[in-house]
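Values quoted throughout were computed directly from the atomic coordinates according to the rules given, and no laboratory measurement underlies them. These numbers come from a predicted model, not from an experiment. Virtual Cβ from ideal backbone geometry, glycine too; neighbours counted across all protein chains shown.
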């Protein structure tokens with residue numbers, strides 16, 4: 001029998017909802033079948049804890065005395081460049097932002113390198129962060145320079161806003177060249193001596209709802225230890241890719257844009273991370289409850305690592321040149337075994353995403369729902385699905401010359 005989110009919420013309020021994690025539900029479906037499991041279970045919780053570069057935070061720091069128009073000037077947090085192209089005292093910092101000098105040579109209090117992701121972690125952890133700003137003076141905002149310490153508790157608004165999180169499947173990165181590569185997928189050894197991947201597999205939110213039947217605009221989520229919302233499809237959302245018979249994408253597909261109150265989050269679930277020779281990012285804990293409305297959704301939520309296929313891609317030539325050839329396809333189960341076979345060669349694997357922490361996210365979310373402190377939210381609008389025609393497109397380059405500066409096609 002079909003259920004509604006409202007009916008499930010009533011069961012949550014009454015303490016009668018049956019909630020399992022995406023890992024736990026696999027065995028239940030195998031034992032009891034999809035139909036019986038769908039009738040028995042109300043919610044399946046998912047989780048992931050992984051580097052998510054398209055993340056950031058914005059703040060309102062309040063007015064100094066005398067007042068200063070930070071907006072339009074230069075601003076930094078712990079020497080990391082931030083953006084102030086808004087009103088007088090609104091600031092935005094991205095997870096991958098870096099100091100002005102060469103990040104590979106930047107050493108900042110024990111971190112190498114230090115960047116925007118670390119600033120966000122330090123603020124959430126209650127640490128003092130140095131704010132420096134310089135700008136031009138105006139009649140209403142005469143001050144031109146500021147050098148002060150700020151902390152999260154003193155800010156007016158502090159909001160995590162991540163424009164692309166929870167990638168639905170992704171590449172397995174290898175290196176066919178004769179030199180070491182330093183990439184956002186970690187260090188890749190030459191001649192395909194290792195393979196790096198980044199997914200929570202069977203716990204990953206969008207892999208448990210591959211056609212976006214329950215996850216949409218307005219979905220309430222676990223974000224950074226607190227609560228957040230899905231506000232849109234994320235950037236590079238690409239739902240129309242090749243999929244398995246079970247609807248699981250075989251390539252990078254959907255993404256989510258999410259937001260939440262930074263003051264209610266924890267440094268346990270927002271961690272700055274450094275990639276040798278590449279830069280910095282933010283590791284984000286994110287979990288989404290899947291309401292089991294019918295048998296199809298139950299079948300999707302019972303996806304296992306063996307069902308999830310990822311492409312192996314060479315990052316030495318094909319990827320940077322814009323034509324990433326798929327060398328092979330492997331399952332997440334194979335990746336987690338520690339070794340895969342690519343073109344007859346055995347390759348050692350390593351994951352950039354923490355499965356243990358993803359499991360903990362799903363468990364925490366399960367406990368919050370069982371206690372009645374976390375209710376499900378009815379999506380206000382769906383995400384663009386596989387048949388929507390929505391697709392991620394490469395940059396259409398039109399080299400600039402003065403004679404074509406007004407070109408529009």
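Expected output is a single nm value to one decimal: the length gained when fully extending between residue 187 and residue 81, i.e. 0.36 nm times separation in residues minus the C-alpha distance. What is it?
Values: separation 106, 0.36 × 106 = 38.16 nm, distance 2.55 nm.
Result: 35.6 nm gained on full extension.
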Please give the calculated 222 nm ellipticity per residue for the chain, where each DSSP H segment of at least 4 residues contributes -39500 (n - 2.57) and the sum is spread over every residue; nearest 500 deg cm²/dmol?
-4500 deg cm²/dmol
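Can you order the peptides 354-360, 41-47 by their average number of other Cβ atoms within 10 Å per residue, highest first?
By packing density, highest mean first, the sequence is 41-47, 354-360.
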Within the set 394, 210, 239, GNM on the chain using Cα springs under 10 Å gives the largest fluctuation to 394
Please give the contour-minus-distance gain from residue 151 to residue 299: 0.36 nm per residue of separation, less the Cα-Cα distance, rounded to one decimal in nm.
48.7 nm
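Quickly rank 85-95, 22-32 as a protection proxy: mean count of other C-beta atoms within 10 Å, highest first.
85-95, 22-32
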Does region 154-299 classify as rounded, prolate or oblate by the C-alpha gyration tensor (a ≥ b ≥ c root eigenvalues; a/c under 1.5 gives rounded; else a/b over b/c gives prolate, otherwise oblate)?
oblate
In Å, descending, principal axis extents of the Cα set of region 273-408:
64, 46, 34
Could you tell me whether region 62-155 comes out rounded, prolate or oblate from its Cα gyration tensor? Rule is a ≥ b ≥ c as square roots of the eigenvalues, rounded for a/c under 1.5, then prolate if a/b exceeds b/c, otherwise oblate.
prolate
How high is the relative contact order of the chain, in percent, with contacts defined as C-alpha pairs under 8 Å that are six or more residues apart?
23
How long are the three semi-axes of the equivalent ellipsoid of the chain, in whole Å, if each is the root of 5 times an eigenvalue of the C-alpha gyration tensor, listed from largest down?
37, 29, 20
With an 8 Å cut-off on Cα pairs and a minimum separation of 6 or more residues, tell me the relative contact order of region 62-155 in percent.
31
